[in-house]
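Here's the structure we're looking at; comments come further down.
Read-outs: derived from the displayed coordinates by stated rules, not from any lab. What you see is a predicted model, and the numbers here were worked out from it, not measured in a lab.
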Amino acid sequence: MQKLYEFGATLQFGLVEAIDAGRHMLKVNIPALENMHTDWLPMLTAAAGGNCFYSLPDVGELVACILDARGESGVVLGALYNQNDTAPAQSNDMWVKQFSNGTVISHDRKSGEVCVQTSGTVVVEADTVLIKASDITLDAPSTTATGSLLVQGKLTYQGGMAGSGGGSAAASIAGTIKVKGGDVVADGKSLKSHTHPDLTSGGHTGTPD
């Protein structure tokens, strides 16, 4: 006959007092149990195998725990919003990841907007990056491409163009160049207004046609 064991577990709320980041474990102070200090408790995570999710609360955060009858073992279920730590959004359409340094990653499923706000650097490392969009706006004081840049469509610029390098020539263009309503100046000489010597006996000069 199978032996029956008495077992009881309780739901408790407490404050994080120590963190073991390597083991993803916490020690918690439980005010309702005369400020009892728990042993190291593992904290639940969304996945911990081939797919992993890693995130830990800070010291002082309010968490919910399941403890055994003696309070010797258990698990931290997660953190809780409260009067001191309020929710970063007020809509169930929002998914938000907010960090203490001010960085916020959010998604509004109603509008479809994905937003990354940070004062640091956003780094994407990949063999290939493919961006498909109906329109892209780069709103930055300067943009640098460290490698070759291929534009397969029409290139239009409004703020002027400057360049250097390129081996034997700063620019090499195969095809016809058309200038409308402007001029071409090389070493201070205008293509429109410079004069050619008249090689006839009169020695007159004239402007280019």
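Before moving on, here are some points about what is shown:
- Of the two radii for region 71-130, the radius of gyration is 1.11 times the Kirkwood radius, both from the alpha carbons; that is the Rg over Rh value.
- As a length-normalised measure over Cα pairs under 8 Å and 6 or more apart, the relative contact order of region 87-126 settles at 28 percent.
- Diffusion coefficient, µm² s⁻¹, Stokes-Einstein with Kirkwood Rh over alpha-carbon pairs of region 9-79 at 25 °C and 0.890 mPa s: 203
- Set Lys154/Lys189; Lys154/Lys178; Lys132/Lys154; Lys132/Lys180 screened for pairs whose C-alpha atoms are more than 23 Å apart: Lys154/Lys189; Lys132/Lys180
- Label corresponding to semi-axes √(5λ) of the Cα gyration tensor in Å when calculated from the structure given, among (1) 31, 20, 18; (2) 23, 22, 16; (3) 73, 17, 16: (3)
- The value given for region 107-161 is a Kirkwood hydrodynamic radius of 15.2 Å, derived from the mean inverse Cα-Cα separation.
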